[in-house]
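Report on the following structure.
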Amino acid sequence: VTSLKSYHSLQLGFYGTYSFAPLLICIILFLNELLELEFLYSTKKQCECAIFTFLMVLVLVFINIFALQITKEDSYIRTKLGTIKMEKQNALALGEAISYLSNHSAKDDSLLVLPEGIMINYLTQKKWDFYQTSFIPLDFDTFGEDNIIKDVTNKRPDFIMFIKRDTSEYGKEYICKDYGIKTCKYIAKNYSFEGAFGEKFRGFLFKQKYIK
């Protein structure tokens, strides 16, 4: 089932550019097949006008999304592995964190980013020892918090970073506040605070207290 809700949060900097065309095809098929009976007693011109009006509204919605995206102030993260463009506040926080890790960690150190942010592992070339690639509310529901704590205990990443990421689209807003509380308490007990990065978009880095 496809509806206009599919277009609600398309972000051109990510998957939105590639999702727009397939979604548009689905909408056209929907109009052509499911609404055929509605247009059965209408003239061909009325049908064409209705479809044209609908598609024009859709195009205007997309243009509005595009305009919002291009007016955002962007910046760049430059690393040995390449340059990444993103929102300025995100680039500031991640750039500071990457720089700190590059200067204050060993080459073979491991890093866990919560609730998600495995890209930081790639940019810093830090090991990711976990099966799952994120720790959003869905992951806590799927694997169970006790199992996640057990996994963190067994694998003991050298560094753990929290990203202030609003995960309300998954039903709960912030890790350590609305979910994953026991996990955060475990980390606070076994890891020492290293530093905070960024202003609006924040990153908080912790290092394990005890050497393996």
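Taking all protein chains together and rolling a 1.4 Å probe, Ile163 ends up with roughly 10 Å² accessible. Derived scalar couplings between HN and Hα for region 139-144 equal 5, 5, 5, 6, 8, x Hz in order, rounded to whole Hz, by the Karplus curve 6.51 cos²θ - 1.76 cosθ + 1.60 (θ = phi - 60°), x for Gly and Pro. Within region 147-198, what whole-number % of the accessible surface is contributed by carbon and sulfur, with the 1.4 Å probe and all protein chains included in the calculation? Its accessible area is 50 percent carbon and sulfur atoms. The length gained on full extension between Cys184 and Phe143, counted as 0.36 nm times the residue separation minus their Cα-Cα distance, comes to 13.1 nm.
The values are calculated or read from the model by the stated rules, or taken from the named source; none is laboratory data. Being a predicted model, the structure only gives us computed values, none of them experimental. These accessible areas exclude ligands, DNA and RNA; they are computed on the full protein's heavy atoms, side chains included. Shrake-Rupley method; radii C 1.70, N 1.55, O 1.52, S 1.80 Å.
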